[in-house]
Amino acid sequence: TVTAAAASYTGAAAYDPKTLIAPAPPVPPIATSVPVQLTNGRTNGLSMPQKGSFFGFSIEMSVAQQVVGKNSTLLQVPFLNLMSNIVARAGSVNVRVGGNTQEAAVLVPSLVNNTIIAKDTSIPGTPRIQYTSDLLYMMANVSQLVNVWWYLGIPFYNTTPFDLSIAQEAEAILGDRLLALQAGNEPDLYALHGHRPLGYSPASYLTDFDNLITQVASDASIPRQQNLWLVASSETGQSNLSPWNLTQVWGTGIVDKYIVQVHALTVQRYFNHNCGAVLGQGVVVDPQTVIGTFLSHNNVLSFVNQYNTTVPVALQAGKPLLMYETNSVSCSGFVGISDSFVAALWGLDWALSLAASNFSGANFHIGGQNAYYNPFTPPPTNQTTFRQWSVGPIYYSALVVAEALGSSNQSQVVDLQLNNAADQTPGFAIYEKGAPTKLVLINYINDPTGAQAYTAQISIGGGTTGQPAANPSSVRVKRLSAASVTQKGNLTWAGQTFGNSFESDGRPMGNETVEQIPCDASTNTCSVKVNAPEAVLVFLTDTAFQSVESHSAVTFATSTQTVIVVPTSVLATSNGHSGF
């Protein structure tokens, strides 16, 4: 035992216990008293009004049968509860079912054992799938119980002709619950993966889109043809792999040419990639060497700013711009980053930074058992009768964003550039109808001594409207907390948790904790401490707080049981082996 090597974890990535070493606190230390000056009547720098459903989810099509339900009559109760938590805070939630496995998916009348999805894993790489229309009925039944809206995509590998089955069936079954259909998933990587000839370009994609719209126009079984399609451009961030840039895509004129048919412009982006380790594509990245890049607001902004020329294209066209698929690290994530508190803080910063820059939504991706980054993961199929779900850090980010934006669909976000734009202490204000209603304050620093916690000194002035200062007598505070940025499991949001791996039925555990902090009338400030690490949501008005607290999540219980009948004669002589 002294000389033997330690055992290595060999299970699924979703439950990998490995942790990383947290970055040291900055030297010199940050300022620990940070002024937060807000103004009534502010109009400059605010985003467009954002919907509460900004933070959505993207489910790989091949795992929908594990995540959403087994079929249309047996829905996954934890999934319903997890979606209901978001709906109670945001009013609705958007879910995309697709990804690489949508690209060659084939609709069939039925499958063996009445399953709704079958995978062919004999071909290396992304599995080819078959599915039945019961997948769509299952999604429709979810929407009957919880206010969920759906994105889908048509297969885009074969274009002669396009297989429009999913468009035909989805419009008939989902009706207006179908938000839109994606036309091509990561088309910039088609040539690399052998799905198009070398040299496939944005102009080539426009030709494919031309042919798609022409074919759809002659299909009477697709009655809704306007405001239906998502123009796809991934620019995945794998600069050594992707030959496209967004200027080339929009430069084809595709948006103006199909302004009536297009629903939204989409991009897909991950902060880093693990494709070197998973697929042998690119360099192999050691997560320990890059953990600090996920604890940096400036790094978040460097990614957001890459879309500065795309946002005006969408705004001028009057179309939403969606971060249609995103997460921390492509090709399943990084252990110790994608599955730790690092990701919860990063996901919150990334989502609100996108909202502040006039994106209209962001869908965080869910893979299978071998992904570190899942917002939530059902247990392996052979363990579903005795194990519960695992809720990842990104889901906690979703709860905070849902409460921050709320259900009014009038929230406008601004990056406050706090503390002289300090890299590790970003902050955002939420305005509604010109008045500040909430604050989100983040402290990325990992400092177990507590020395680099900071106190936000919040003050609300009259701005340019001539109104008097309007500080509240008190504010309410909820905290997203963990002992360390590298902590896995048992994160807490307002004192509640979804536990460790295999411990959640989708409902938060524990009692909600909301602090009411009195403000100082003599200095006209409200002092809120932000621990290191931590994120806090500050409610500046009673109305803002009640708009969240007045809606309780509808919860669901399972209506099925697994019953095993054992003859008493067998039980009497059983020693626990051979199946009993």
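The values are calculated or read from the model by the stated rules, or taken from the named source; none is laboratory data. Source: prediction; values computed, not measured. No Cβ is skipped: glycine too gets one built from the backbone with ideal geometry, and neighbour counts run over all protein chains shown. Quick note on the areas: whole protein, heavy atoms, side chains included, nothing else; ligands and nucleic acids left out. Shrake-Rupley method; radii C 1.70, N 1.55, O 1.52, S 1.80 Å.
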Inset, instruction - Any chance you could look up the accessible area of PHE303 with a 1.4 Å probe, heavy atoms only, rounded to 10 Å²? - result: 20
Inset, instruction - Mind grabbing the accessible area of SER92 for me, 1.4 Å probe, Å², rounded to tens? - result: 20
Inset, instruction - May I ask you to compute the full-extension gain from PHE386 to GLN144, defined as 0.36 nm times their residue separation minus their alpha-carbon distance, rounded to one decimal in nm? - result: 84.3 nm
Inset, instruction - Heads up, I need the accessible area for TYR395: 1.4 angstrom probe, whole protein in place, Å², nearest 10. - result: 0
Legend entry - Solvent-accessible ranking of HIS551, HIS263, largest area first, probe 1.4 Å: HIS551, HIS263
Inset, instruction - Grab the eigenvalues of the alpha-carbon gyration tensor for region 314-436, scale each by 5, take roots, and send me the semi-axes largest first in whole angstrom. - result: 30, 17, 14
Legend entry - the chain, accessible surface, carbon-and-sulfur percent (1.4 angstrom probe): 52
Legend entry - Candidate lysines - alpha carbon under 22 Å from LYS488, same-chain residues fewer than 8 apart omitted: LYS18, LYS478
Legend entry - Heavy-atom surface of region 282-389, accessible at 1.4 Å and reported per residue (Å²): 30
Legend entry - Cα-based Rg / Dmax (Å) for the chain: 24.4, 87
Inset, instruction - Whole number in Å², please: accessible area per residue of region 419-557, 1.4 Å probe, ligands, DNA and RNA not counted. - result: 40
Legend entry - 3J(HN,Hα) from dihedral phi, region 68-74, Karplus parametrisation 6.51/-1.76/1.60, rounded to Hz, x for glycine, proline: 8, x, 6, 6, 5, 9, 9
Legend entry - 37 °C / 0.692 mPa s Stokes-Einstein diffusion coefficient of region 67-225, Kirkwood radius on C-alpha pairs, µm²/s: 194
Legend entry - In order through region 448-453: 3J(HN,Hα) via Karplus (6.51 cos²θ - 1.76 cosθ + 1.60), integer Hz, x for Gly, Pro: x, 6, x, 5, 10, 5
Legend entry - Dipole magnitude of the chain about its Cα centre (Cβ charges: Lys, Arg +1; Asp, Glu -1), debye to nearest 20: 440
Legend entry - Added length on full extension, which subtracts the Cα-Cα distance from 0.36 nm per residue, THR115 to ALA421: 104.9 nm
